[in-house]
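Notes for the one structure printed next.
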Amino acid sequence: MHNPQELDELLYAIVRQIPRGKVAAYGWIAERAGLVRGARRVGHALRMLSSRRRVPWHRVVNAQGRISLPAGSAAARRQQEILQAEGIVFKNHRIDLMRFGWRQSLDELLWRQP
DNA sequence: GGGTTGACCTGTG
DNA sequence: ACACAGGCCAACC
């Protein structure tokens, strides 16, 4: 997929696979899309996302389990509210990724490269 | 075209 | 835990 638009679609499709009650990091999404260091690219795709599309953008957080929107912004509050409504627990503004992080497989969990 | 700016990540101190 | 640097990449002056 060399076309940027196709790549966006692929990224959205992956985000749609995150189940309710789980979250994924930008970098994980990029990895699943075959991008080497594409975390920022994922952030861009989500920022450009039209609100009419049904993509669970709120289930994407940064690698530290924190919301990556401007702290205190309306969007950040909305994201946290939705996640909490889905059963995600915040502890000091952070999500425990070991517990709520969406992993494809046990392999990915165990063999996360150094 | 070049410089700046982020919804990023990892390593290092 | 915190800060900083370096890498990254597309959007936007």
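The values are calculated or read from the model by the stated rules, or taken from the named source; none is laboratory data. All values reported here derive from a predicted model rather than from experimental measurement. Cβ placement follows ideal geometry from the backbone for every residue including glycine, while neighbour counts extend to all protein chains displayed. For accessibility, only protein heavy atoms count, side chains too; no ligands or nucleic acids. Shrake-Rupley method; radii C 1.70, N 1.55, O 1.52, S 1.80 Å.
Could we say that A:Arg77 is open to solvent by 90 Å² or more (accessible area, probe 1.4 Å), free of Cβ contacts under 8 Å to residues at least 12 places away in the same chain and part of a helix (DSSP H, G or I) here?
Details: open to solvent by 90 Å² or more (accessible area, probe 1.4 Å): yes; free of Cβ contacts under 8 Å to residues at least 12 places away in the same chain: yes; part of a helix (DSSP H, G or I): yes.
So A:Arg77 passes the test.
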* All but one of (1) more than 11 Å from DNA strand C (Cβ to nearest atom); (2) open to solvent by 90 Å² or more (accessible area, probe 1.4 Å) hold for A:Arg59, so report the exception by its number. => (2)
* Structure fact -> Residue hits (the range A:44-55; surrounded by fewer than 18 Cβ atoms within 10 Å (Cβ to Cβ) and either modelled with pLDDT of 90 or more or of a type in the set (Lys, Arg) (or both)) are A:His44, A:Arg47, A:Arg52, A:Arg53, A:Arg54
* **Residue selected from the range A:1-40 under the condition open to solvent by 70 Å² or more (accessible area, probe 1.4 Å) and within 14 Å of DNA strand B (Cβ to nearest atom), by the criterion modelled with the lowest pLDDT** => A:Pro4
